Amino acid sequence: MLDQNFRQGDAKSTPFGTNAMVQPAPVDKIPDGPTTPEVAYQMVKDECFAQTQPRLNLATFVTTYMDEWATKLMNEAININYIDETEYPRVAYMCGKCINIVANLWNTPETNKWKAGALAIGSSEACMLGGIAAWIRWRERRKAQGKPYDKPNFVISSAYQIVWQKFAELWEIEMRTVPLTLEKTTLDPQEALKLCDENTFCIVPIQGVTYTGLNDDVEALNDALDEYNAKTGYDIPIHVDAATGGFILPFLFPEKKWDFRLKWVLSISTSGHKFGLVYPGLGWVCWKDKKYLPGSMAFSADYLGAEVTQVGLNYSRPAAQILGQYYQFIHLGFEGYKNVQQNSMDVCNYLHSNIGAMPQFQNYSPDVPNPLFCWLMKPEYQKTAKWTLYDLQDKLAQHGWMVPAYAMPANLQDVVVMRVVCKQGFSRDMADQLLNDIKSGVAELDALEYPTTTRIAMEKNIPLKPKSFNHNGR
Ligand SMILES: *Cc1c(COP(=O)(O)O)cnc(C)c1O
């Protein structure tokens, strides 16, 4: 019998009693008619249900835990578009305050009330903005000198994050890379300078190299560059890609010089959504002074009857992350950030020493300057092992952990490593659970009678393509 209170197609019972739950979900075409929010919610929710718990995702650098107040605050701001500065002037003001705070954490010498910087959706956009600004400054100088400016290049280590490849390809800029080796695990300043010429518009050291967690030595690069610029008459600057380190160094290694205290560091970018402790997507970029941010990068639009000036690749963007960042600054303060970052480091060091002590493994580096590290199989063990780190990745996934195994970049591509990023929300107790799962996984693999598929592939030199794992960019 037809219930007259419902129109056709409405649910008449609990979601799991509806027709929709025994139909395939739409893939190609929008469904003809509506379904109830309860059913739609359940279907969307359940599609993600079998995935890993974000806090067990040790592959990502991006925040997977915020407290309830932050979550509430951000959810309540979910309907605010950042770009509507006229309608939401306090959000724009709050963003300016965040930029000031970040610039000061990086020891900006700028004396203006509002420091030169920009909001971004993540480090990728922030890196692009820093790179573009350096490119434009170089181009303007070349134009003024009557010199050609059609062959720009920048220099970076081969362990660059994928954004720099995008930057090079999309803007038709040449990327010159300094290959890393097992001995030289970070950017070598002299090797970087060998790649420079009059068309080099910046060098990009990384703080928290995505592959390894190590820091390029910015101070050594700055000093070598100072000499080089004096000798050549160039003025090649530094943009620091501090996606990770930008929120670690100021709190844990405040005496280390890597930031605006160095002469040639003119811009720095970071991810607010990594160790800035905010959910994605949020990035920051700052310049040492307004004069390094080309005026041509600020676009003004007459929008909804007001003049909006903005530096950024996106236009509309969420405002909630700004509220989340400002909340974290107020709530944690310098001491609170320091405690959270130190805890991540302590848990990371604990794992580093325990995994490094296993007979099968060795750490890639003895240094842990950021709360992440990678390890590899001991070469002598690897000779006889019947398995690879890709198999261990699978074993850990059975327990819900996402711990990626991947090959190192060009020059080191035969070296397969495994990496963990220790973030807020990953405690010592969880680290112990992970260690247990690693040890029992290794014991099972060690007991194998026959080699695994990935091991056979490695033997035959068939390139190993780890399923859908993209370590580079997380
Ligand atoms: C993560 C990362 C990026 C990209 O950052 P997103 O915030 O994910 O856009 C760039 N550079 C480095 C060194 C990174 O670790």
- Which entries in the list Lys256/Lys395; Lys166/Lys256; Lys194/Lys263; Lys256/Lys291; Lys115/Lys151; Lys231/Lys288 go over 28 Å, if you measure between the two C-alpha atoms of each? Lys256/Lys395; Lys166/Lys256; Lys115/Lys151
- Cβ-isolated cysteines (cut-off 4.7 Å), the chain: Cys48, Cys95, Cys98, Cys127, Cys196, Cys202, Cys286, Cys374
- How much of Arg176 can a 1.4 Å solvent probe reach, expressed as accessible area in Å² and rounded to 10? 50 Å²
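Which whole-number value in Å² is the accessible area per residue of the stretch 365-454, probe 1.4 Å?
Accessible area per residue, the stretch 365-454: 42 Å².
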- Message: Heavy atoms only, 1.4 Å probe, whole protein assembly: order Ser316, Ser158 by accessible area, highest first.
- Response: Ser316, Ser158
- Task: Considering only protein heavy atoms, with the full assembly of protein chains and a 1.4 angstrom probe, order Thr108, Thr177 by accessible area, largest first.
- Result: Thr177, Thr108
- Task: Rounded to whole Hz and in sequence order, give me ³J(HN,Hα) for the stretch 215-229 from the Karplus expression 6.51 cos²θ - 1.76 cosθ + 1.60, θ = phi - 60°, writing x for Gly and Pro.
- Result: 10, 5, 7, 5, 5, 5, 5, 4, 5, 5, 5, 4, 5, 5, 5
- Message: Sorted from largest to smallest, which semi-axis lengths in Å does the alpha carbon gyration tensor of the chain give for its equivalent ellipsoid, taking the root of 5 times each eigenvalue?
- Response: 38, 34, 22
- Message: With a 1.4 Å probe and all protein chains left in place, how much of the accessible area of the chain comes from carbon and sulfur atoms, in whole percent?
- Response: 53 percent
- Item | Among Pro250, Gln165, Asn104 - extreme Cα towards positive end, dipole of the stretch 91-250, charges at beta-carbon | Asn104
- Note on the structure: Of 205-218, 38-51, ordering from highest average Cβ density within 10 Å down gives 205-218, 38-51
- Query: How far apart, in nm, are two points set 7 Å out from the Cα along the Cα-to-Cβ line at Glu76 and at Lys439?
  - Reply: 4.6 nm
- Query: Can you give the accessible area of Trp264 in Å² (nearest 10), computed on protein heavy atoms with a 1.4 Å probe?
  - Reply: 40 Å²
- Query: If you take the Cα Rg of the stretch 94-145 and divide it by 2.2 N^0.38 Å, with N the number of residues, what do you get?
  - Reply: 1.35
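Kindly rank 219-225, 382-388 from highest to lowest mean number of other beta carbons found within 10 Å of each residue.
219-225, 382-388
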- Round to the nearest 0.05 the FRET efficiency obtained for Ala447 and Gln398 when R0 = 22 Å and r is the Cβ-Cβ distance. 0.85
- Tabulate in residue order the Karplus-calculated ³J(HN,Hα) for the stretch 105-112, using 6.51 cos²θ - 1.76 cosθ + 1.60 with θ = phi - 60°, rounded to whole Hz; enter x for Gly and Pro. 4, 9, 6, 5, x, 5, 9, 4
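The values are calculated or read from the model by the stated rules, or taken from the named source; none is laboratory data. Since this is a predicted model, take the numbers as computed values, not measurements. When we count neighbours, we look across all protein chains shown, and the Cβ atoms used for this are built from the backbone with ideal geometry, even at glycine. The area values use the complete protein model at the heavy-atom level, side chains included, leaving out ligands, DNA and RNA. Shrake-Rupley method; radii C 1.70, N 1.55, O 1.52, S 1.80 Å.
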